[in-house]
Amino acid sequence: MKHSKTKHSIPTHLLKCFQFIWTKNYCFAFPVLCILLLTGCGKDNPPASPFSDISWNHTAEDIIAYEGDGYSTYDSVYGGICYTYPKAYQDRQGTIKYMFDEKGRLMSIAWTYSAEEEQELYDFYDFIEEDVNTLTNETEVTSNAGHVWHREEGNIVLSLMITSDLKALQYAYLHPDVSNSPKETN
């Protein structure tokens, strides 16, 4: 019976690493290397929102590197700084806001959009609400009154502001540390 040669499915750089460990008598490091490989060492957390690849563990420096230098700032409601950038989402040009607390931790990522026509905002609100309901397996519809989805990984808040002077929608993802649980009813 002939044995066929099979190609290794382990990448070459990992094989070289294993060979180095074995030949240098670093056998004690082998279990540590295996644990690191299996746990996905160095993998970023998933994005905190659908309109940015930033996750809660990113810093202001990370955001500037990701979004660029074209930002403006103001005081964040969380005691730190809010960085804003022009940002398109779902083919609509709006503004993204990254809000930090006084310790420099990212607490909120929000995208805002304003329009001349109220109906455009109502329709877009309905689109986002349906999308988030699908994501969270909820079915509640709020008739554009504002909606909060309470989740362990942080609340999602969708709101509309329509006045004679302002017509805007805000879609925000909150860090779990600043998210509220639903109020209990008796």
Net charge (Lys, Arg +1; Asp, Glu -1) of residues whose beta-carbon lies under 15 Å from that of residue 111, residue 111 excluded, is -2
As straight-line cross-link partners of residue 167, the qualifying aspartates and glutamates (C-alpha separation under 17 Å, not fewer than 8 residues apart within one chain) are 116, 117, 118, 120, 123, 126
Taking the dipole of region 79-133 about the Cα centre (Lys, Arg +1; Asp, Glu -1; charges at Cβ), the one of 93, 114, 79 that reaches farthest to the positive side is 79
Applying the gyration tensor rule to the Cα atoms of region 72-158 (axes a ≥ b ≥ c; rounded if a/c under 1.5, else prolate if a/b exceeds b/c, else oblate), the class is oblate
If each K or R counts +1 and each D or E counts -1, the residues other than residue 61 whose Cβ falls under 14 Å of its Cβ total -2
With every protein chain kept in place and a 1.4 Å probe, region 42-123 has an accessible area per residue in Å² of 56 Å²
One finds, for residue 142 and residue 91 with R0 = 22 angstrom and r their Cβ-Cβ distance, a FRET efficiency to the nearest 0.05 of 0.40
Total charge of the residues flanking residue 83 in space, meaning their Cβ is under 12 Å from its Cβ, with Lys and Arg +1 and Asp and Glu -1, is -3
A 1.4 Å probe over the protein heavy atoms gives region 119-186 a carbon and sulfur accessible-area percentage of 45 percent
A correct Karplus calculation of ³J(HN,Hα) over region 79-91, with 6.51 cos²θ - 1.76 cosθ + 1.60, θ = phi - 60°, whole Hz and x for Gly and Pro, returns x, x, 10, 10, 9, 10, 9, x, 7, 8, 9, 6, 6
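The values are calculated or read from the model by the stated rules, or taken from the named source; none is laboratory data. The structure presented is a predicted model; accordingly, all values stated were derived computationally and were not measured. In this analysis, Cβ positions are derived from the backbone assuming ideal geometry, glycine residues included, and neighbour counts consider all displayed protein chains. Calculation scope for accessible area: heavy atoms of the full protein, side chains included, ligands and nucleic acids excluded. Shrake-Rupley method; radii C 1.70, N 1.55, O 1.52, S 1.80 Å.
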